[in-house]
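J.: Input: one structure, supplied below.
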Protein chains: 2
Amino acid sequence: MKKDSRLSSVLHALLHMAEQGKPITSEVLAKCMCTNPVVVRRTMGLLRNAGLVTSERGHAGGWRINAELSKVTLFDLHDALGEPAFFAIGNRNENPNCLVEQSVNAALDDTLAQAEALLIARFKSVTLAQLAAEFARRHAKYRQQKD
Amino acid sequence: MKKDSRLSSVLHALLHMAEQGKPITSEVLAKCMCTNPVVVRRTMGLLRNAGLVTSERGHAGGWRINAELSKVTLFDLHDALGEPAFFAIGNRNENPNCLVEQSVNAALDDTLAQAEALLIARFKSVTLAQLAAEFARRHAKYRQQKD
DNA sequence: CTTCATGTAACTATTGTAGTTACGATTCGT
DNA sequence: ACGAATCGTAACTACAATAGTTACATGAAG
């Protein structure tokens, strides 16, 4: 299956929006992410439903962040996107009668649950503010190398 | 995307094969897993390529385990299946020029890498023998409840 | 009232497993 | 030698979810 890159997308968009004070249009975000404005609206719309961003139509319209960067975590974004599945592997049959299959499912479920718990814990611990700071570091280093 | 259930499938098949001394046909395995013999052959063929099972054609043919149960781990099976992707989420663009996107990718990559390391460690620590033992426990309990 | 934007529906493209059909290639029993 | 049982494999369809595209409606600002 094709990987879901929406979390990656919205993080990219949100950090660019954080840099700018004014609203950014779907058109600009789309160009910046090598895609189409409709895809941007569709994805950002999920964040709007969750109250994390606002959108305005017409002249000087666009998208704006509606939350403190230090209070929005990757988990919040993943949640706003509808909690897409983390894993590309899973059980063949979730409710088997076969005891063999039940044992197999239990073993895989247990392992995946641990990995998911780790992912969720990490997602909850990373904020937009931290990512913005990390970007600032990269940016400073880049400018330094350029000189 | 549809989840990859091949690891689950081959575990189920291998444990049934371990129970039986003689070869099991694709037909029987298929029935047991509610699928088609061709799907079984296709998937089990990957294990044969890795030397974990053997197949024989003709009368009294079928599939047989070709390894010690205590030496085959979930990792070995995942490897034999061609190391399918663990995750259903990922970066939009793996080699971006944009420094913002690089920061985002680095953060996600780091988190996913940790979860993947955990999965791999667990997969390496679980053997077919352990799963067979776990099944035996379930089986005993089930027979006890039935009495 | 025109232009700039978002909102949204509808359709296609993509990607990989799963399922199905068909047929070829072996092996064994008689 | 024949025929049935099995695997081997190609080719095609089904499916599911995101991504991409086209088209058009809606609303806000000048």
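J.: With chain B rotated onto chain A, spot the residue of B whose Cβ lies nearest the axis and note the distance in whole Å.
T.: Of all Cβ atoms in chain B, the one nearest the axis gives B:Met1, 1.
J.: Say a label goes 7 Å from Cα toward Cβ at B:Lys71 in every copy; what distances in nm does this one have to the rest, shortest first?
T.: Relative to the other copies, B:Lys71 has label-point distances of 6.0 nm.
J.: Still on this model: Given contacts defined as C-alpha pairs under 8 Å and at least six residues apart, what's the relative contact order of the stretch A:6-146, whole-number percent? Walk me through the intermediate numbers first.
T.: Numbers: 116 pairs, mean separation 35.0, N = 141.
Reported relative contact order: 25 percent.
J.: When only alpha-carbon atoms are used, what values of Rg and Dmax, in angstrom, describe the protein assembly as shown?
T.: Values for the protein assembly as shown (Cα only, Rg and Dmax): 24.2, 81 Å.
J.: A further question on this structure: Based on the alpha-carbon gyration tensor of chain A, what equivalent-ellipsoid semi-axes (square roots of 5 times the eigenvalues) come out, in whole Å, largest first?
T.: Semi-axes, largest first: 36, 19, 14 Å.
J.: Between the chain alone and the structure with every protein chain in place, find the residues of the stretch A:64-85 that drop at least 10 Å² of accessible area; heavy atoms, 1.4 Å probe.
T.: Relative to the lone chain, where solvent access is computed with a 1.4 Å probe, the stretch A:64-85 loses at least 10 Å² at A:Leu74, A:Ala85.
J.: Once the whole set of protein chains is in place, how much accessible area is left on A:His16, using a 1.4 Å probe, in Å² to the nearest 10?
T.: 40 Å²
J.: Stokes-Einstein D for the stretch A:28-67 at 4 °C, 1.567 mPa s, Kirkwood Rh over Cα pairs, in µm²/s? Please list the in-between numbers first.
T.: Numbers: Rh = 10.5 Å.
Value of D from the Cα-based Kirkwood radius: 123 µm²/s.
J.: Further question: Ignoring ligands, DNA and RNA, how much accessible area is buried between chains A and B, both sides summed, with a 1.4 Å probe, to the nearest 100 Å²?
T.: Adding both sides of the contact gives about 4900 Å².
J.: Something else now. One decimal, nm, shortest first: give the distances between the label point of A:Asn95 and those of the same position in the other copies, each label point 7 Å from Cα along Cα→Cβ.
T.: Computed spacing set for this position: 4.8 nm.
J.: Just to verify a number: FRET efficiency for A:Gln144 and B:Lys71, C-beta to C-beta distance, R0 = 45 Å, to 0.05? Mind showing how you got there, number by number?
T.: Details: r = 52 Å, r/R0 = 1.17.
Computed FRET efficiency for A:Gln144 and B:Lys71 comes out at 0.30.
J.: How large is the convex hull of the Cα atoms of the stretch B:31-114 per residue, expressed in Å³ as a whole number?
T.: Per-residue hull volume (Cα only) is 153 Å³.
J.: Can you sort B:Ser125, A:Ser8 by 1.4 Å-probe accessible area, starting with the largest? Present the calculation step by step, with values, prior to reporting the outcome.
T.: Working: B:Ser125 65, A:Ser8 0 Å².
The ranking, largest first, comes out as B:Ser125, A:Ser8.
J.: Could you tell me what percent of the accessible area of the stretch A:85-147 is made up of carbon and sulfur, with a 1.4 Å probe and every protein chain present?
T.: That fraction is 49 percent.
J.: Residue by residue through the stretch A:71-82, which ³J(HN,Hα) values in whole Hz follow from phi under the Karplus form 6.51 cos²θ - 1.76 cosθ + 1.60 (θ = phi - 60°), with glycine and proline marked x?
T.: 10, 9, 9, 4, 4, 4, 5, 4, 5, 4, 7, x
J.: Here's another thing I want to ask about it. How far is B:Gly51 from the same spot in each other copy, in nm, shortest first, if each label point sits 7 Å from Cα toward Cβ?
T.: 6.0
J.: Below 27 Å Cα-Cα, how many Lys pairs turn up in the stretch B:6-146? Only count pairs eight or more apart in sequence, or on different chains, if you could.
T.: Eligible lysine pairs with Cα atoms under 27 Å apart amount to 7.
J.: When the solvent-accessible surface of protein heavy atoms is calculated with a 1.4 angstrom probe, in what order do A:Arg6, A:Arg48 fall, highest first?
T.: From most accessible down to least: A:Arg48, A:Arg6.
J.: Another question about this same structure. Dividing the Cα radius of gyration by the Kirkwood radius, what Rg/Rh value follows for the stretch B:49-98?
T.: So for the stretch B:49-98, dividing Rg by the Kirkwood Rh gives 1.27.
The values are calculated or read from the model by the stated rules, or taken from the named source; none is laboratory data. Everything numeric in this text was worked out from a predicted model, so none of it was measured. Note that we place each Cβ from the backbone using ideal geometry, even for glycine, and neighbour counts take in every protein chain shown. What goes into the accessible areas is simple: the full protein's heavy atoms, side chains included, and nothing from ligands, DNA or RNA. Shrake-Rupley method; radii C 1.70, N 1.55, O 1.52, S 1.80 Å.
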